[in-house]
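Only the coordinates and a few stated rules stand behind these numbers; no lab work does. Fair warning: this is a prediction, and the values are worked out from it, not measured in the lab. So basically every Cβ, Gly included, is an ideal-geometry build from the backbone, and we count neighbours across all protein chains shown.
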Amino acid sequence: MTKALLVVAHGSRRAQSNQEVLGLAESLARQLKQQSSDVALVEAAFLELAEPLVPSAIEKLYAQGCRELVFYPHFLAAGTHVVNDLPRLTEQAKQRFPDLEVHSVSHLGGMPGLAGFIVGQL
């Protein structure tokens, strides 16, 4: 079963902001490959204002053989997108692709160790 990571961000009218998210996905893909991770595919997608949108990215990953999808919500707080929109998109993906296992890791702001990471940057 091919496993994929989908970095999900809001999307911005500012192209450089969207490029940062795409760059993060590329960096994650390189690091996962170096670590011989079972995550074979990494993509970035957006909820609005930028392409690809989440449903399109899921469709692309599924077409590439993904049958286990991990959402990484690249958000600092558990706002409406994290609490409502991502679970809705998860359910839609499961309905559209019944053999696709979909789950999420914590949003960035909710990750254990984030405070320690920030302190380490000081």
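Worth pointing out:
- Dipole axis of segment 2-120 (+1 Lys, Arg; -1 Asp, Glu on Cβ), positive-most option in 18, 118, 73: 118
- Approximate spin-label separation residue 115-residue 60, in nm, with each point projected 7 Å along Cα-to-Cβ: 3.8 nm
- Site pair residue 99 and residue 13 shows an inter-label distance of 4.4 nm when each label is modelled 7 Å from Cα along Cα→Cβ.
- Label selected from (1) 14.3, 46; (2) 13.7, 41; (3) 14.7, 53, the criterion being Rg and Dmax of the Cα atoms in Å as computed here: (1)
- Between segment 7-65 and segment 71-122, the Cα center-to-center distance that results, in Å: 13 Å
- Shown for 2, 80, 90: other C-beta atoms within 10 Å of each C-beta, ranked fewest to most, produce the order 80, 2, 90.
- About the Cα centre, charge dipole magnitude for segment 12-122 (Lys/Arg +1, Asp/Glu -1 at Cβ), debye: 140 debye
- Sites count as exposed loop sites when they are trypsin sites (Lys or Arg not before Pro), lie in a DSSP loop, and have at most 16 other Cβ atoms within 10 angstrom; the longest stretch of the chain without one is 15-122.
- Positive-pole candidate from 40, 61, 1, dipole of the chain, charges at beta carbon: 40
- Cβ crowding within 10 Å, taken as a proxy for footprinting-reagent exposure, orders 36, 56, 104 from fewest neighbours to most as 36, 56, 104.
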